[in-house]
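J.: Could you have a look at this structure, given as structure tokens, before my questions?
The values are calculated or read from the model by the stated rules, or taken from the named source; none is laboratory data. Quantities reported herein were computed from a predicted structural model and do not represent experimental measurements. Don't worry about glycine lacking a Cβ; one is built from the backbone with ideal geometry, like all the others, and counts go over all protein chains shown. To get the accessible areas, we keep the full protein, side chains included, count just its heavy atoms, and leave off ligands, DNA and RNA. Shrake-Rupley method; radii C 1.70, N 1.55, O 1.52, S 1.80 Å.
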Amino acid sequence: MRILVTNDDGYHAPGLAVLEEIAAQFSDDIWVCAPSEEQSGAGHSLTLNRPVRLQRFAARRFAVTGTPTDSVMMALREVLDSPPDLILSGVNRGANLGDDITYSGTVSAAIEGALAGIRSIALSQVYGPSTISAGDAGLFEAATQWGPKTIQPLLDAPFDDRTLVNINFPPCSANDVRGVRVARQGFHDYSRGSVVEGKDPRGHRYFWFGLHAIEHTLDHGTDLEAIADGYVAVTPLQLDLTHHSSLKSFADRYAS
Ligand code: MN
């Protein structure tokens with residue numbers, strides 16, 4: 001089984017090494033092709049207004065000066081002589097839950113894989129005050145220990161066309177994880193968020209989107225609830241964003 005490993009935190013991110021270790025439990029045909037720098041929040045963006053460069057660090061290790069989507073495209077079109085059987089994206093440093101997934105470069109790399117007809121899985125490690133203080137090893141402990149047994153059942157599960165799976169690991173030690181729960185995507189309550197204003201060294205104002213607690217009303221059966229309950233959240237996603245039940249009523253408005 002050929003596995004492509006990518007991410008959005010960048011080629012040097014600790015979570016990429018965690019994911020390579022997880023992938024190594026399934027195969028020895030592992031290829032890495034990831035953005036050369038952090039691309040968190042890049043979503044499904046594609047670099048069109050400048051060239052991207054491919055950096056080769058070892059026979060099966062590459063970085064791309066672009067986005068996660070660029071990295072998957074380059075892997076499929078330039079790096080690999082035959083497509084991978086599986087694309088793993090992550091392990092992201094931080095949650096990709098609820099409506100945040102459309103901002104996510106981690107999930108978008110898996111979206112690109114799903115569009116290419118390849119079984120694709122995004123993985124993210126949620127962190128909280130107790131795990132962030134434990135350093136990288138502590139931060140990724142739940143993902144490290146629970147990653148293989150969460151992925152294993154998905155390797156021969158039927159994936160419909162243009163679907164993918166989003167996995168989040170809860171912010172606790174591996175021993176405190178209560179199990180794996182298959183859950184639908186939830187939604188955060190919409191928040192205007194925090195914007196931090198400052199002055200650069202030349203006296204010009206800048207703004208920086210801050211990190212803030214995002215409130216959510218815990219809907220039953222969601223990925224947000226699963227994480228709050230201490231479970232690994234496994235969410236199958238589809239790329240058809242059509243709101244099917246509105247098709248007829250909207251069409252009726254244009255009928256003469
Ligand atoms: Mn990230």
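J.: Kindly report, to the nearest 10 Å², the accessible surface of Tyr103 as traced by a 1.4 Å probe over protein heavy atoms only.
T.: Answer for Tyr103: close to 130 Å² accessible.
J.: Tally Lys/Arg at +1 and Asp/Glu at -1 over every other residue whose Cβ is under 14 Å from the Cβ of Ser40; what's the total?
T.: Net charge around Ser40: -4.
J.: I'd like the accessible area for Lys248: 1.4 Å probe, protein heavy atoms, all chains in place, Å² to the nearest 10.
T.: Result for Lys248: roughly 140 Å² accessible.
J.: Stokes-Einstein D for segment 118-246 at 25 °C, 0.890 mPa s, Kirkwood Rh over Cα pairs, in µm²/s?
T.: Estimated via Stokes-Einstein, D reaches 145 µm²/s.
J.: Where both partners of a DSSP beta bridge lie in the chain, what percent of those bridges are antiparallel, to the nearest 5?
T.: Close to 35 percent.
J.: Please tell me the relative contact order of segment 1-135 in percent, rounded to the nearest whole number, where contacts are Cα pairs under 8 Å and at least six residues apart.
T.: This gives 29 percent for segment 1-135.
J.: Still on this structure, please answer the following. Select from Ala137, Ser45, Ser194 the residue farthest towards the positive end of the dipole of the chain; place +1 on Cβ of Lys and Arg, -1 on Cβ of Asp and Glu, and compute about the Cα centre.
T.: With unit charges placed on the Cβ atoms, the residue in question is Ser45.
J.: Now, a different point. Would you mind working out the magnitude of the charge dipole of the chain relative to its Cα centre, with +1 at each Lys and Arg C-beta and -1 at each Asp and Glu C-beta, to the nearest 20 Debye?
T.: 560 debye
J.: Please list Arg50, Arg60, Arg253 in order of solvent-accessible area, largest first, computed with a 1.4 Å probe with all protein chains present.
T.: Order by accessible area, largest first: Arg253, Arg50, Arg60.
J.: Using the Cβ atoms and a cut-off under 11 Å, what net charge is assigned to the surroundings of Val107, where Lys and Arg are +1 and Asp and Glu are -1?
T.: My count for the surroundings of Val107 gives -3.
J.: Another one. Once phi is turned into ³J(HN,Hα) by the Karplus curve 6.51 cos²θ - 1.76 cosθ + 1.60 with θ = phi - 60°, what whole-Hz value does each residue of segment 29-38 show in order, with x for glycine and proline?
T.: Taking θ as phi minus 60°, the curve returns 9, 10, 10, 10, 9, 9, x, 5, 10, 4 Hz for segment 29-38.
J.: Could you check the simple spin-label distance between Tyr254 and His220, using points 7 Å along Cα→Cβ, in nm with one decimal?
T.: Output for this residue pair reads 3.9 nm.
J.: Okay, moving on. Ranked from the most accessible area to the least, with a 1.4 Å probe and all protein chains present, what is the order of His220, His204, His44?
T.: His220, His204, His44
J.: Now for a separate question. Treating only the Cβ atoms of Lys and Arg (+1) and Asp and Glu (-1) as charged, compute the dipole magnitude of segment 11-90 about its Cα centre; round to the nearest 20 debye.
T.: I would put it at about 340 debye.
J.: All other residues with a Cβ under 11 Å from the Cβ of Leu97 taken together, and with Lys, Arg as +1 and Asp, Glu as -1, what is their net charge?
T.: After counting each charged neighbour, the total is -4.
J.: I would also like to ask the following. If contacts are Cα pairs under 8 angstrom and at least 6 residues apart, what is the relative contact order of the chain in percent?
T.: 17 percent
J.: A further question on this structure: Run the quick spin-label model on Gln55 and His243: label points 7 Å from Cα toward the beta carbon, then report their separation in nm to one decimal.
T.: With each label point 7 Å from Cα toward Cβ, the separation is 4.4 nm.
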